[in-house]
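The next block holds one structure in the form of structure tokens; read it before the comments.
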Amino acid sequence: MSNETHKPIPMLDLKGQYQSMKDEINSAIQSVLDSCQFIMGPDVRALEDEIAVYTESKFAIGCNSGTDALQMALMTLEVGPGDEIITTPFTFVATAEVVGLLGAKCVFVDILPDTYNINPDLIEAAITDKTKAIIPVHLFGQSVDMDPIQAIAAKHGIPVIEDAAQAIGATYKGRPICGLGEMACLSFFPSKNLGAYGDGGMIMTSDEKLADKLRMIRNHGSRIQYQHDILGVNSRLDTLQAAILRVRLRHLDDWGKARGERAEKYNTLLKSSNVITPITAETNTHVFHQYCACTEKRDAVLDNLRKHQIGCAVYYPIPLHLQPAFRDMGFGEGSLPIAERMSREIFALPIYPELPKEDQEWIVEKILEVTD
Ligand SMILES: Cc1ncc(COP(=O)(O)O)c(C=O)c1O
């Protein structure tokens with residue numbers, strides 16, 4: 001491509017996607033409006049059943065957000081002061097925030113440089129008699145290497161909570177994520193691969209006792225109206241969002257495929273450059289919630305993309321152990337070197353099912369201008 005002008009390219013195109021399915025979405029919304037069952041209407045249970053089947057889990061419990069899903073999963077395990085939770089420092093803040101909010105401590109474990117996911121080989125050394133759970137995060141749309149984590153967790157009798165907020169639809173060794181640990185948490189934040197038109201989340205489990213407790217916790221600790229057996233929260237998935245999500249779930253696998261094709265195109269275009277493109281582990285299928293690549297010239301890449309009105313982002317510019325909010329967890333600069341390096345070198349490019357492949361050529365041209 002040689003012309004020096006191009007239309008702006010957004011990081012995400014929610015409008016285009018809505019337009020392509022407007023009738024389906026509008027009629028789902030209208031039917032909820034007609035029913036006036038705004039809280040715990042039939043679409044909530046129907047979506048829970050559909051996602052349980054999709055993730056090969058026995059139970060799925062809708063809630064208000066991915067953050068609430070994580071908090072409720074920890075509440076179900078009665079996590080509190082004095083407890084430790086092992087997780088990655090290279091994730092969205094919510095994964096660790098809920099740990100701190102419940103008064104427990106995050107024990108951060110460094111990541112792998114190729115998948116950006118937690119390094120399973122470092123987990124066992126982080127286990128103490130205070131460890132109450134392990135939260136691996138399936139970052140950017142790709143599963144963590146779960147078998148070694150499950151083996152260590154089983155050996156020590158510690159439950160595993162998958163943070164699957166970014167990866168619904170991904171598989172590990174032929175199995176869908178979300179059915180791999182004791183519990184798994186999804187986010188339906190609008191930009192997610194399966195996004196609602198507001199906040200939403202879900203917890204999956206195949207343990208009936210945990211499912212029962214989760215249902216109570218999301219509804220003020222109550223099984224029977226006005227009887228409160230435990231302390232809970234108000235975190236129900238609203239019916240309008242559930243109805244929208246049921247429509248969108250029908251498209252999810254096609255979107256995952258389209259994202260994968262666009263990732264492949266970026267990989268090909270960047271092949272002989274200095275940019276390190278993301279890898280998909282042999283055990284995995286990747287749904288590319290984000291397409292994140294690395295270069296030492298990251299800041300120059302971001303400047304040039306912005307100059308040409310091309311959407312780009314950094315996930316994540318400061319690893320959690322170096323965030324002021326987590327200073328008292330006891331991890332200093334240099335303690336988790338891979339996460340720290342990635343936060344300096346990583347950048348994310350636009351990736352969505354409707355992204356024109358010609359736009360990708362323009363984007364890569366602008367990257368190569370400053371890296372080669
Ligand atoms: C890895 C991860 N965990 C948790 C969350 C929290 O989800 P929510 O925004 O729905 O609260 C998000 C996304 O926002 C996320 O990316």
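The values are calculated or read from the model by the stated rules, or taken from the named source; none is laboratory data. Here the structure is a predicted model, which means the values were calculated and not measured. Note that each Cβ is placed from the backbone with ideal geometry, even for glycine, and that neighbours are counted across all protein chains shown. Surface areas here come from the heavy atoms of the whole protein model, side chains and all, with no ligands, DNA or RNA. Shrake-Rupley method; radii C 1.70, N 1.55, O 1.52, S 1.80 Å.
Brief remarks on what is shown
- Debye, to nearest 20: dipole size of the chain, +1 on Lys, Arg Cβ, -1 on Asp, Glu Cβ: 440
- Modelled spin-label separation between D147 and E124, with each label point placed 7 Å from Cα along the Cα-to-Cβ direction: 1.6 nm.
- As a rough guide to protection, the peptides 298-309, 357-368, 12-23, 278-289 ranked by mean Cβ packing within 10 Å, highest first, stand as 278-289, 357-368, 298-309, 12-23.
- With bins 5 Å wide beginning at 0, the percent of Cα pairs of region 112-267 falling in each bin runs 2, 8, 14, 18, 18, 16, 12, 8, 3, 1, 0, 0.
- Carbon and sulfur %, accessible surface of region 252-371 computed with the full protein complex present, 1.4 Å: 49
- The length gained by stretching the chain between K22 and R175 to full extension, at 0.36 nm per residue less their Cα-Cα distance, is 51.9 nm.
- Of V370, Y266, I310, farthest towards positive along the dipole that unit charges on Lys, Arg, Asp, Glu beta carbons give the chain: I310
- Three-way shape call for region 203-272 based on the alpha-carbon gyration tensor, with the a/c threshold at 1.5: prolate
- Only Lys, Arg (+1) and Asp, Glu (-1) charged, at Cβ; region 252-371 dipole about Cα centre in debye: 160
- Hits among lysines - C-alpha to C-alpha of K155 under 17 Å, sequence gap 8 or more where chains match: K130, K132
- Percentage relative contact order, the chain, counting C-alpha pairs under 8 Å, at least six apart: 22
- Kirkwood Rh in Å, taken over all unlike Cα pairs in region 264-319: 12.9
- Proximal aspartates and glutamates relative to K213, as straight alpha-carbon distance under 15 Å, when same-chain residues fewer than 8 apart are discounted: D68, E78, E182, D229
- Global form of region 156-243, assessed from the alpha-carbon gyration tensor, a/c cut-off 1.5: oblate
- At full extension, E208 and Y226 could sit 4.2 nm farther apart than now, given 0.36 nm per residue minus the alpha carbon distance.
- In terms of overall dimensions, the C-alpha atoms belonging to region 252-371 reach 47, 33, 24 Å along their principal axes, ordered largest to smallest.
- Net charge of Cβ neighbours under 13 Å - reference L112; Lys, Arg +1; Asp, Glu -1: -3
- Relative contact order (percent, whole number), region 252-371, Cα cutoff 8 Å, 6+ residue spacing: 39
- The 3J(HN,Hα) values that the Karplus relation (6.51, -1.76, 1.60; θ = phi - 60°) gives for region 253-261 are, in residue order, 5, 5, 5, x, 5, 5, 5, x, 5 Hz. Gly and Pro appear as x.
- P(r) histogram, all alpha-carbon pairs of the chain included - 20 Å bins from 0, percent: 29, 57, 14, 0
- Taking one quarter of the surface of the C-alpha convex hull of region 15-141 gives a mean projected area of 10.7 nm².
- Partner lysines for K307 [C-alpha distance under 26 Å; skip if fewer than 8 residues away on the same chain]: K7, K15, K265, K271, K297, K357, K366
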